[in-house]
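Chemist: One structure, as structure tokens, below. Some questions next.
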Amino acid sequence: MAAYEQWLGDQNADLAELLDTAMRELQSGFGGHEPVGGAAHARPDHARQAPRP
């Protein structure tokens, strides 16, 4: 949301660049807390939601 608000307030801003920066900052905040086995194993199979029809 912060990136979007920045983009709205600045005619010269690049939304993709702002979002990329925001995601990198978010990722750095979770440093050292990566799930074992990568993102595919972030939750046990029984905790995953079934696709909606």
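Chemist: Just to be sure I understand, how many residues within segment 23-51 are open to solvent by 100 Å² or more (accessible area, probe 1.4 Å), modelled with pLDDT under 70 and not charged (D, E, K, R)?
Modeler: Counting residues in segment 23-51 that are open to solvent by 100 Å² or more (accessible area, probe 1.4 Å), modelled with pLDDT under 70 and not charged (D, E, K, R) gives 6.
Chemist: Considering only residues of segment 3-17 that are surrounded by 11 or more Cβ atoms within 10 Å (Cβ to Cβ) and of a type in the set (Gly, Ala, Ser), which is nearest to the chain's Cα centre (by Cα)?
Modeler: The residue in question is Ala3.
Chemist: For Asp20, all conditions in the list (1) open to solvent by 100 Å² or more (accessible area, probe 1.4 Å); (2) at pLDDT 60 or above; (3) charged (D, E, K, R) hold save one; what is the number of the exception?
Modeler: So the condition that Asp20 fails would be (1).
The values are calculated or read from the model by the stated rules, or taken from the named source; none is laboratory data. None of these values were measured; they are calculated from a predicted model. A quick note on method: Cβ atoms are made from the backbone with ideal geometry, for glycine too, and the neighbour counts reach across all protein chains shown. Side chains are part of the model used for accessible areas, which takes the heavy atoms of the whole protein and leaves out ligands, DNA and RNA. Shrake-Rupley method; radii C 1.70, N 1.55, O 1.52, S 1.80 Å.
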